[in-house]
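Working notes for the structure below.
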Number of protein chains: 2
Amino acid sequence: MAVTLADVAARAGVSAATVSRVLSGNYPVAGGTRTRVLRAVEELEYVVNGPASALAAASSDLVGVLVHDIADPFFGIIASAVQSEMESGGERGPGPGRKLAVVCNTGGSPEQELTYLTLLQRQRAAAVVLTGGAVEHPEHSPAIALRLRRLAAGGTRVVLCGRPPLPEPGTAPETAARPAAPARNRAGGDADEPLTIAFDNRGGARRLTEHLLALGHRTIGYVAGPAERTTTRDRLEGHRRALHEHSPGLLADADRLTVHGAYDRSSGYDGALELLRRAPEVTAVLGANDTVALGICAALREQGLRIPEDVSVAGFDDLPFSADAAPAMTTVRLPLHQAGVRAGRLALGREAPPPGGVATVRAELTARASTAPPRAGGTPAGGPG
Amino acid sequence: MAVTLADVAARAGVSAATVSRVLSGNYPVAGGTRTRVLRAVEELEYVVNGPASALAAASSDLVGVLVHDIADPFFGIIASAVQSEMESGGERGPGPGRKLAVVCNTGGSPEQELTYLTLLQRQRAAAVVLTGGAVEHPEHSPAIALRLRRLAAGGTRVVLCGRPPLPEPGTAPETAARPAAPARNRAGGDADEPLTIAFDNRGGARRLTEHLLALGHRTIGYVAGPAERTTTRDRLEGHRRALHEHSPGLLADADRLTVHGAYDRSSGYDGALELLRRAPEVTAVLGANDTVALGICAALREQGLRIPEDVSVAGFDDLPFSADAAPAMTTVRLPLHQAGVRAGRLALGREAPPPGGVATVRAELTARASTAPPRAGGTPAGGPG
DNA sequence: CTGTTAGCGCATTCAG
DNA sequence: CTGAATGCGCTAACAG
């Protein structure tokens, strides 16, 4: 673990500077010299010392990707799309300029998020991509926003993917030391401002509920995610907006028909049971996402209810398994992979920032077999006890 | 992005060395001084420069976790277990000594694996954890083994989790420059040798097939993973061993009853269809893992076959969704989380290496509702056209 | 307990 | 096109 640039230089009979130049590739070097250097590198099995190079160049090739749950395909798809973007920059292997995209699992906790941001800032990461909804917390949210702006100001590219744009600095609590740089032309999307790829959760949820209403459903249960998540709030808002627009009276029951839980299968299962207890007359149940919807299906089936004959079920995200669940799941399609690719390109500065720094991607209704008109009587056949 | 140790030192009225010492915490510093330094750090919003510190200390706090597919819960569970181990080392936040566990998605490709290993070596990672089966490739495998040994020799802790131990150096092709250090006491498990947590895939698969045989099945289809993966090979071997031990004649049909595919749902789906075409008389179908098994179920159902009445199905791994699939999936339980935790501890040097450097964890048969005795007639009721 | 002194390995000037 | 010199920010001996 000791072969350095100098060793290579000695072996190739050139100076360290020259070796550095051929390795960086961003400077003219004579063909013969280059070959000799490369050969020496091979023979000595030399591997650049990242920290040293980062220190000297004042920049590292680390790109952090923060996800809530690494075991959730929603994040897996986005993260691998971001990573794939790192390697498609011309060469394949670990060439010069090759970024190392690393994913960090925050467990959806703002503290963890802050911890990872600090760790990444410490590494002087070239970019940071935050994926998934933000947690709204009176104390943490401003802290995270502050740290993100600081990272951006320090040259780290910050990209938000699937979470709402950062609120305008506004009235900073106290730490407003510097006189908030005179807002430069925001339309241009400064490279040192956090960039955002937002999902149209509100619109998607709204279209999904409209679909159910059009089918004839009037008593629609909703197993939502954690209350403090922006994703949860947006989807719920879209749902209620659709309800309201169809008929204001439908909102009266909304709270009773909503239960909150995590974005996982078991909360779908538990939530559906709770809903059935509160309102046995539901004819449809929406899940916070596809995974939750699967849990809902499991619970309903165990209660002897058929899908969609007795109860319609729908999810959100359109993860791969949703298409071939039984029955195929009605859901809202989010272009996860595409969004991840774009986030990666933005993080690398390979794509022009969207106007205003924010791009919103569409969430498209994908109607499949798990939703159908409610039973004539409105009461399920083999209902629970 | 310019506040340095010196700035903090100046502000606190001490020397840079002292600041470094309070920040590292591994050296006695007077209480008053410490407080003043910490206050200066706060006020200046100082964040350590990782690269500089790594360079000076000749060690970084990066820990790489390589996975085949980040969107697959199998890897997600292991990876998050490893990560959780990084933070549980006393403090929570980004304190000194806090390691940054980052996961890298190789897509199961040896080239990618090699690329990430180089990138990690470049960063002088403190440890590297490789998860999941290895790909057996005449050219890449030795290359990877070589690089892993080199990493280990260079002080990076290398841990293999869910893949077989590295083969003994043996007859290195050509790059055997150094005279292979005289094998030190292997029983002690040198810190600079790759450590392994292997899964008993062979034994698990064998017990699973024995379960099916005990139930009365004789024509068992097998939708295996990619042929060149060690995991695939081991599970298949276990399966065939069970077949052979029950009655050598059963092996005659083994090839016809085996199809290969990826470790995903669609290959389970396609594989089941192919199997039905080749051998409509199958009474049971095994999947390479739980995800594949789910695909198998989907295909069988579409063909009008009931599970387990017409055909029994079983998976491997016991991922969370398997327990509440419908019907609940018979599978082989692998202690993924536990293995990840252990890998993390080994990577951090917090746990003594297992004797010989290799620990094998048990794979336990978990019989549930998706397997049952075959139909009396042996021929399914509503078989495909 | 604390300050001083040297590098860590590399990327850049700046001269040739 | 190439070499010599300088410093990135920090840690690790050494002295006090």
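The values are calculated or read from the model by the stated rules, or taken from the named source; none is laboratory data. The model shown is predicted, which means the values in this text are computed figures rather than measured ones. Quick reminder, even Gly has a Cβ in these numbers, built from the backbone with ideal geometry, and neighbours come from all protein chains shown. Note: accessible area is taken over every heavy atom of the protein model, side chains too, but ligands, DNA and RNA are not part of it. Shrake-Rupley method; radii C 1.70, N 1.55, O 1.52, S 1.80 Å.
Regarding region A:113-122, can at least one residue be identified that is farther than 30 Å from residue A:264 by Cα and either buried (at least 20 other Cβ atoms within 10 Å of the Cβ) or assigned by TED's automatic domain parsing to the domain that holds residue A:230 (or both)? Within region A:113-122 (the criterion being farther than 30 Å from residue A:264 by Cα and either buried (at least 20 other Cβ atoms within 10 Å of the Cβ) or assigned by TED's automatic domain parsing to the domain that holds residue A:230 (or both)), the answer is yes, since at least one residue qualifies. Of the residues making up region A:53-72, just one is more than 20 Å from residue A:151 (Cα to Cα), open to solvent by 30 Å² or more (accessible area, probe 1.4 Å) and either away from DNA strand C (no atom under 12 Å from the Cβ) or not polar (S, T, N, Q) (or both), namely A:69. Against the conditions (1) part of a helix (DSSP H, G or I); (2) open to solvent by less than 10 Å² (accessible area, probe 1.4 Å), residue B:285 satisfies every one except (1).
Restricting region A:299-324 to residues that are under 22 Å from residue B:292 (Cβ atoms), within 13 Å of chain B (Cβ to nearest Cβ) and open to solvent by 10 Å² or more (accessible area, probe 1.4 Å) leaves a set whose member that is modelled with the lowest pLDDT is A:324.
Scanning region B:118-128 for residues that are within 7 Å of chain A (Cβ to nearest Cβ) and assigned to a loop (DSSP other than H, G, I, E, B) yields B:123, B:124.
Which of the numbered conditions does residue A:37 fail, given that it passes all the others? Conditions: (1) buried (at least 22 other Cβ atoms within 10 Å of the Cβ); (2) more than 16 Å from DNA strand C (Cβ to nearest atom). Only one criterion is unmet by residue A:37, namely (2).
Matching residues to (1) small (Gly, Ala, Ser); (2) part of a helix (DSSP H, G or I); (3) outside the structural domain of residue B:128 (by TED's automatic domain parsing):
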residue: B:297; (1), (2), (3): no, yes, yes
residue: B:301; (1), (2), (3): no, yes, yes
residue: B:313; (1), (2), (3): no, no, yes
residue: B:339; (1), (2), (3): yes, yes, no
residue: B:343; (1), (2), (3): yes, yes, no
residue: B:346; (1), (2), (3): no, yes, no
residue: B:351; (1), (2), (3): no, no, no
residue: B:359; (1), (2), (3): yes, no, no
residue: B:373; (1), (2), (3): no, no, yes
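I'm trying to understand the selection: among the residues of region B:53-90, which are closer than 30 Å to residue B:106 by Cβ, among the small types (Gly, Ala, Ser) and within 10 Å of DNA strand D (Cβ to nearest atom)? Matches in region B:53-90: B:53, B:54, B:57, B:58, B:59.
Condition test on residue A:17, is it within 8 Å of DNA strand C (Cβ to nearest atom), closer than 29 Å to residue B:56 by Cα and more than 14 Å from chain B (Cβ to nearest Cβ)?
Considered against the rule, which asks whether it is within 8 Å of DNA strand C (Cβ to nearest atom), closer than 29 Å to residue B:56 by Cα and more than 14 Å from chain B (Cβ to nearest Cβ), residue A:17 comes out as yes.
Filter region A:99-142 down to the residues that are among the hydroxyl-bearing types (Ser, Thr, Tyr) and without any contact (Cβ under 8 Å) to a residue 12 or more places away in the chain and list them by number. Residue satisfying the conditions is A:115 alone. Looking at the structure I just gave you, is residue A:292 β-branched (Val, Ile, Thr), assigned to a helix (DSSP H, G or I), open to solvent by less than 50 Å² (accessible area, probe 1.4 Å) and over 25 Å from residue A:238 (Cβ atoms)? No. Is it true that residue B:218 is open to solvent by 10 Å² or more (accessible area, probe 1.4 Å), among the charged types (D, E, K, R) and in contact with an Asp or Glu (Cβ under 8 Å, 6 or more places away or on another chain)? When the stated conditions are applied, residue B:218 does not pass them. Can you tell me which residue within region A:28-45, out of those that are free of Cβ contacts under 8 Å to residues at least 12 places away in the same chain and either within 14 Å of another protein chain (Cβ to nearest Cβ) or among the small types (Gly, Ala, Ser) (or both), is farthest from DNA strand D (Cβ to nearest atom)? Per the stated criteria, the residue is A:42. Restricting A:48, A:8 to residues that are of a type in the set (Val, Ile, Thr), within 11 Å of DNA strand C (Cβ to nearest atom) and facing chain B (nearest Cβ under 9 Å) narrows the list to A:48. If you check B:106, B:118 for being within 16 Å of DNA strand C (Cβ to nearest atom) and modelled with pLDDT under 95, only one passes: B:118.
Scanning region A:21-33 for residues that are surrounded by fewer than 18 Cβ atoms within 10 Å (Cβ to Cβ) and either basic (Lys, Arg) or within 8 Å of DNA strand C (Cβ to nearest atom) (or both) yields A:24, A:26, A:27. Checked against the criteria, residue A:76 counts as free of Cβ contacts under 8 Å to residues at least 60 places away in the same chain and either in the same structural domain as residue A:348 (by TED's automatic domain parsing) or closer than 11 Å to residue A:340 by Cβ (or both).
Checked against (1) within 29 Å of residue B:70 (Cβ to Cβ); (2) more than 16 Å from DNA strand D (Cβ to nearest atom); (3) not small (Gly, Ala, Ser), residue A:124 passes all but a single condition, namely (2). The numbered conditions (1) within 9 Å of chain A (Cβ to nearest Cβ); (2) outside any helix (DSSP H, G or I) are all true for residue B:115 except (2). Exactly one residue out of A:290, A:318 is touching a residue at least 12 places away in the same chain (Cβ under 8 Å), on the phi > 0 side of the Ramachandran plot and within 18 Å of the chain's Cα centre (by Cα): that is A:318. Please determine whether any residue of region B:130-137 is surrounded by fewer than 23 Cβ atoms within 10 Å (Cβ to Cβ), in a helix (DSSP H, G or I) and more than 9 Å from chain A (Cβ to nearest Cβ). No, region B:130-137 contains no residue that is surrounded by fewer than 23 Cβ atoms within 10 Å (Cβ to Cβ), in a helix (DSSP H, G or I) and more than 9 Å from chain A (Cβ to nearest Cβ).
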